[in-house]
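The values are calculated or read from the model by the stated rules, or taken from the named source; none is laboratory data. All of these numbers come straight from a predicted model, not from anything done at the bench. Ideal geometry is used to build each Cβ from the backbone, glycine not excepted, and the neighbour counts take in all protein chains shown.
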Amino acid sequence: MHTKPSDSADSEAPLDRSEPPAPQLQEGPRPISSPSPEKRPRSRFGLRSLLLPLLAIGTALVLGALLIVLTDVTVYEAFLENPLLGVGRGFAVIGRAYGAYFVGAFGDPVQLTEALLSGNVPRILRAIYPITETLRISTPYIFAGLAVALGFQGGLFNIGAEGQYFIAGLATVFLGYSLVGVPQLLHLPLALLAGMAGGALWAAIPGYLKAKTGAHEVITTIMLNYISFRFAEYMLDVGGPMARGDGRPVSPEILPSAYLPQFFPGRIELRVNFGFFLALAAAWAVWWLLYKTTLGFEIRTVGKNPRAGRYAGINVPRSIVITMALSGALAGLSAATDILGVLRFMPNAFFSGYGFDAIALALLGKSHPVGVVLASLLFGALRAGARNMQGIARVPLDITSIIQGLIIVFIAAPEIIRQIYRLRGRLEDDGLALARDWGEG
Amino acid sequence: MRKRLSVVLVFVLLFSLVLSACGREDRGDFQVGMITDIGGIDDASFNATSWAGVERAENELGIQGDFLESQAQTDYAPNITQFINQGYELIVTVGFLLADDTAEFARANPDVSFAIVDFSYDPPIDNVRGLVFATDEAAFLAGYAAAAATQTGIVATFGGINIPPVSIFMVGFESGVNYYNAQHGADVQVLGWNTAENTGVFVGNFESTDDGRRVADELLSEGADIIMPVAGPVGLGSAQAVQEFGNAWIIGVDTDWTVSAPEYANVILTSVLKNMDVAVFDTIEMASNPDFQSFGGETYVGMLDNDGVGISDVAAGAISAEVRTEIEALREAIINNEIDTGWAGYIAGLN
């Protein structure tokens, strides 16, 4: 992050500076471009704005714990023996499960300290493995979450991130295995660009359809998802144009010159790679675009009120297509980094779920890049921890899906949290940057 | 919602099973970890059947078994790592999509034994046992029985995705029908699969019972009166369609559907059994033996001969006593390699 922290808190001044070509903006649509009501919640991107999400996460974890207890037979057995024993057993079960959850996401603090003190490199690597896996899962989450968040900022509901992920995956893996004899300095960026371009083009289609015909992007992106799934199937099926040819419906392996460099080369279980830095850079770029450039201002203005944008001289159709294309490029990067950094090939029946989780991430992060990064780290930790919870405490993965779902419910309906914790506050304060023109086109 | 509920209930059931086994406290110190493919442990198909083999080993051998579910392709590697870090001696991965990760970790961890369902390595890896199935042998018998049982002269099959572990059922099925035609001078047709052209009907997933119902309705309306769906739980939707249509049969796959889906027992002609539980149990028995050194890269091939594959009893009244005798004779002939069930030719035709 190369910016002064004060910049993010105070976005009004740079916005006006970057807006010379539209002078009428100053008088006409002032309430719509609305820097003042918008500035208030963002200037409080501190403890206050973190309170609701933290309470939502905490409440979801408590309900998840209840579920873990309710699905544990030993608790019932202990309860039948003696109700008090049952309660004790319940807490023991929760402690074991959430302990494993934590260790799976961040590592065992004792082991980590001992390993660091011992100075034994293999031991240290083993102790930090959970954190590396959390960061690895967070990487595609950040990209996909940014994709949806950018769409929200522009008033567009991009449900097609999953489909864009597939198309980008195909483009990336094709360049990854077909460009022979190209140095890594050229091959890797080209493969990444292919992913961005694939995602951008695929997302620009619903953008164009919306701009030209008014077709709602929710419908068109969902439909394009199915087309991209089936297209990927056709390409990768046994005997398909991109199948490996060994009787399995998978693409050939990409060449080493297209690999994203690993943090720990030679350690196959430590899969975190430079894709994570790319994701952080993308978050910064999205923030810069949205709050420091004319284009970003246009995107946000159209997102708040396309009519006011048109009145202010913004080319609304162009803005819609650009927003969708940028959103698709980000979704494409989540596929590209997954393939170039982790998978190294693309299988048929490739399923990520990132595109759909991304909607939750954008909501949880309030469509702000910093929020999306934090939300992605949280979901990454939840998913990495879930594995250990299943392995050690035998708690099914579905519990994690339920906890994630509950977090979203509480974020989307903050009144529930306010009621539970008797918080004061107004609805508009945490209004979501959702599309406001549903059904209008 | 109902699916979630059933998932929870299945887990409650599984937990009680697992825990009741633990309750005896006679679990050996041999630990087996199974890693499912994306379908999850309760897919009523290959993940569930493989897990049944682990459970049997828990009961009969006193080993300790655990599973981890995969939700995405990127989950395979950390799931394997989880078991390695927990010190498991044998790791069973289910499905050929896990082949690359399994190979990579097997080479990096020569002290751990691995087994993989539906895949074998060429060249073999010393500490990995591939578990593959000559399902065409059993499907051949089912095709023969179907050709004898059809009233309309049209039988059908369809698959989930066109991958070898699926198409092998369809190739064997078609070969069995063709063999019946040649033996009896009949002209029974097969809808939904053509071995020579490598084309067929595929729903594109292994989950949607709605798809199974829709495809079955189409095949029934085209005159087929026997359908073999090779798509895991998708086929249960087909079974329902067949039951409502009447005067038609369904052929189960992987497990005996009269046991796993008894509500459709009256329309189940037979089931093509792919006994992954037998293979997994066999592997655990082998690896947990105190004298065990290494798999030496061997491959387990489930055949009619070793009960790795088979067919369940054909429904009473569906075929004549003579045909039953013929099927028994065919079984022997296949075991003795006297009949070609089509798979080798199909694979050769692909390359």
Notebook entry, point to check: Could you list, in sequence order, the residues of segment A:167-186 that are in a helix (DSSP H, G or I), over 22 Å from the mean Cα position of the chain (by Cα) and closer than 21 Å to A:P347 by Cα?
Noted result: A:F174, A:L175, A:G176, A:Y177, A:S178
Next item on the list: Hey, can you tell me all the residues within segment A:244-268 that are at the interface with chain B (Cβ under 10 Å from one of its Cβ atoms) and in contact with a helix residue (DSSP H, G or I) (Cβ under 7 Å, 6 or more places away or on another chain)?
Entry: A:G247, A:R248, A:P249, A:V250, A:E253, A:R267, A:I268
Notebook entry, point to check: Can we say B:T341 is more than 14 Å from chain A (Cβ to nearest Cβ), of a type in the set (S, T, Y) and surrounded by 14 or more Cβ atoms within 10 Å (Cβ to Cβ)?
Noted result: yes
Next item on the list: Could you please give the count of residues in segment A:93-118 that are without any contact (Cβ under 8 Å) to a residue 40 or more places away in the chain and within 17 Å of A:L270 (Cβ to Cβ)?
Entry: 6
Notebook entry, point to check: Listed residues A:F379, A:F350; which is closer than 23 Å to B:E69 by Cβ and at pLDDT below 85?
Noted result: A:F350
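Looking for something in the same structural domain as B:N109 (by TED's automatic domain parsing), more than 19 Å from B:N275 (Cα to Cα) and not charged (D, E, K, R) - is there at least one such residue anywhere in segment B:42-60? Write out each step before concluding.
Step one: of segment B:42-60, the residues in the same structural domain as B:N109 (by TED's automatic domain parsing) are B:42-60.
Going one step further and asking which of them are more than 19 Å from B:N275 (Cα to Cα), we end up with none.
Checked against the condition, which is being in the same structural domain as B:N109 (by TED's automatic domain parsing), more than 19 Å from B:N275 (Cα to Cα) and not charged (D, E, K, R), segment B:42-60 yields no hits at all.
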Note to self: Anything in segment A:404-416 that is surrounded by 21 or more Cβ atoms within 10 Å (Cβ to Cβ) and either of a type in the set (A, V, I, L, M) or at the interface with chain B (Cβ under 9 Å from one of its Cβ atoms) (or both)? List them, or say none.
What the structure shows: A:I407, A:I411
Check: Can you find even one residue in segment B:202-212 that is of a type in the set (G, A, S), within 14 Å of chain A (Cβ to nearest Cβ) and surrounded by fewer than 22 Cβ atoms within 10 Å (Cβ to Cβ)?
Finding: yes
Item checked: Hits in segment B:317-351 - residues which are over 16 Å from B:A138 (Cα atoms), among the aliphatic types (A, V, I, L, M) and assigned to a loop (DSSP other than H, G, I, E, B) -> B:A318, B:I319
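Going by the structure shown, is A:R271 within 13 Å of chain B (Cβ to nearest Cβ), within 20 Å of the chain's Cα centre (by Cα) and part of a loop (DSSP other than H, G, I, E, B)? Give the derivation first.
Details: within 13 Å of chain B (Cβ to nearest Cβ): yes; within 20 Å of the chain's Cα centre (by Cα): yes; part of a loop (DSSP other than H, G, I, E, B): yes.
So A:R271 fits the description; yes.
I'd like the residue in segment A:386-396 that is assigned to a helix (DSSP H, G or I) and surrounded by fewer than 24 Cβ atoms within 10 Å (Cβ to Cβ) and, out of all such residues, is nearest to the other protein chains (Cβ to nearest Cβ).
So the first thing to find is which residues in segment A:386-396 are assigned to a helix (DSSP H, G or I), and the list is A:386-393.
Subsequent filtering for residues that are surrounded by fewer than 24 Cβ atoms within 10 Å (Cβ to Cβ) retains A:391-393.
Working: A:G391: 5, A:I392: 8, A:A393: 11 Å.
Only one residue fits best here, namely A:G391.
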Item checked: Residue ranges of strands (runs of 3 or more DSSP E) in segment B:122-195 with at least 3 members touching a helix residue (DSSP H, G or I) at 6+ places or on another chain (Cβ under 8 Å) and under 18 Å from B:G302 (Cβ atoms) -> B:128-133
Next item on the list: Take segment B:78-104 and flag every residue that is within 20 Å of A:G104 (Cα to Cα), surrounded by fewer than 24 Cβ atoms within 10 Å (Cβ to Cβ), facing chain A (nearest Cβ under 10 Å) and not β-branched (V, I, T).
Entry: B:N85, B:Q86, B:Y88
Next item on the list: Scan segment B:134-153 residue by residue and report those that are surrounded by fewer than 24 Cβ atoms within 10 Å (Cβ to Cβ) and not small (G, A, S).
Entry: B:Q151, B:T152
Next item on the list: Kindly indicate the residue of segment A:213-242 that is surrounded by 18 or more Cβ atoms within 10 Å (Cβ to Cβ), assigned to a loop (DSSP other than H, G, I, E, B) and touching a residue at least 24 places away in the same chain (Cβ under 8 Å) and also nearest to the other protein chains (Cβ to nearest Cβ) among those meeting that condition.
Entry: A:D237
Check: Checking B:N47 against (1) within 24 Å of A:F345 (Cα to Cα); (2) modelled with pLDDT of 90 or more; (3) in contact with a Gly (Cβ under 8 Å, 6 or more places away or on another chain), which single condition isn't satisfied?
Finding: (2)
Check: For B:S120, which of the numbered conditions (1) surrounded by fewer than 24 Cβ atoms within 10 Å (Cβ to Cβ); (2) more than 18 Å from the chain's Cα centre (by Cα); (3) outside the structural domain of B:N337 (by TED's automatic domain parsing) fails to hold?
Finding: (2)
Check: Which condition number does B:S294 fail, the rest of (1) in contact with a Ser or Thr (Cβ under 8 Å, 6 or more places away or on another chain); (2) of a type in the set (S, T, Y); (3) free of Cβ contacts under 8 Å to residues at least 60 places away in the same chain being met?
Finding: (3)
Item checked: Criterion: part of a loop (DSSP other than H, G, I, E, B) and assigned by TED's automatic domain parsing to the domain that holds B:A48 - qualifying residue of B:G65, B:G87 -> B:G87
Check: Counting only residues that are of a type in the set (F, W, Y) and more than 19 Å from the chain's Cα centre (by Cα), which one in segment B:94-117 is farthest from B:F30 (Cα to Cα)?
Finding: B:F105
Note to self: Please pick out the residue among B:E244, B:E285 that is in a helix (DSSP H, G or I), surrounded by fewer than 21 Cβ atoms within 10 Å (Cβ to Cβ), without any contact (Cβ under 8 Å) to a residue 24 or more places away in the chain and out of contact with any Phe, Trp or Tyr (no Cβ under 7 Å at 6 or more places or on another chain).
What the structure shows: B:E244
